[in-house]
1. What translational diffusion coefficient, in µm²/s and rounded to a whole number, does the Stokes-Einstein relation yield for the chain at 25 °C and a viscosity of 0.890 mPa s, taking the hydrodynamic radius as the Kirkwood radius over Cα pairs?
2. Quick check: residue separation of ASP30 and TYR132 times 0.36 nm, minus the Cα distance between them. What number comes out in nm?
3. Helix 2-131: angle to the longest alpha-carbon principal axis of the chain, degrees 0 to 90, nearest 10?
4. How far, in degrees from 0 to 90, does helix 137-153 lean away from the longest principal axis of the Cα atoms of the chain, to the nearest 10?
5. How far, in nm, would the chain grow between ASN110 and LEU76 when pulled straight, counting 0.36 nm per residue and subtracting the alpha carbon separation?
6. Looking at the chain as a GNM with Cα springs under 10 Å, which of VAL17, VAL104, VAL48 has the largest mean-square fluctuation?
7. Dipole of the chain, Cα-centred, from +1 at each Lys and Arg C-beta and -1 at each Asp and Glu C-beta, to the nearest 20 debye?
8. Which lysines does LYS85 reach when only Cα atoms under 22 Å apart count, and residues fewer than 8 places away in its own chain are ignored?
Amino acid sequence: MELIDYESRIKELEKTVRILTKKLERSEADRKQLEEAGELRESFLTSVIRELEDSQSTLQKRSSELENTLKNLQALQAKLVESEKMSALGVMVAGIAHEINNPVSFIYGNLVHANNYFQDLLELLQLYQLYYPQPILEIQKKSKQLNSNLSLKI
């Protein structure tokens, strides 16, 4: 009986060893599969991190380019504003010059006629003095006053 017990016990132990061996083999296969999956995940995460770093670098470059473009646009805007100011100033100066030139041209164009008219008046005055040598007292006073003013200005 003891013998049978040992044999049955040995058979049970062998069966248990086989079961445990199979479980160990499955566990080992599962472990290998998990390692492979972990390696795949690690590889995937590494590639994602690399892509994110590349993306960040690209974004920094773009940001720098946009900042430079903004600075250039602001400088260009300042130049355009300055140009518009100068253009407006030019238009205003041209308008003022036109407003000054019109009366000056009118006066300059009529100086010859005014001089001729003035000469005619002087001739007429000389004729009055020749044919009317003794004017009334009021005319004599005004003539003296004009002569004294004329001598003071010269």
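Every number here is computed from the coordinates shown, using simple stated rules; none is lab data. A quick note: this is a predicted structure, and the numbers were derived from the prediction, not measured. Using ideal geometry, Cβ is built from the backbone for each residue, glycine included, and neighbour counts are taken over all protein chains shown.
1. Values: Rh = 29.4 Å.
Value of D from the Cα-based Kirkwood radius: 84 µm²/s.
2. Numbers: separation 102, 0.36 × 102 = 36.72 nm, distance 14.63 nm.
Computed gain between ASP30 and TYR132 is 22.1 nm.
3. 0 degrees
4. Result, in degrees: 50.
5. Length gained, ASN110 through LEU76: 7.2 nm.
6. VAL17
7. 1080 debye
8. Excluding near neighbours in sequence, the set is LYS71.
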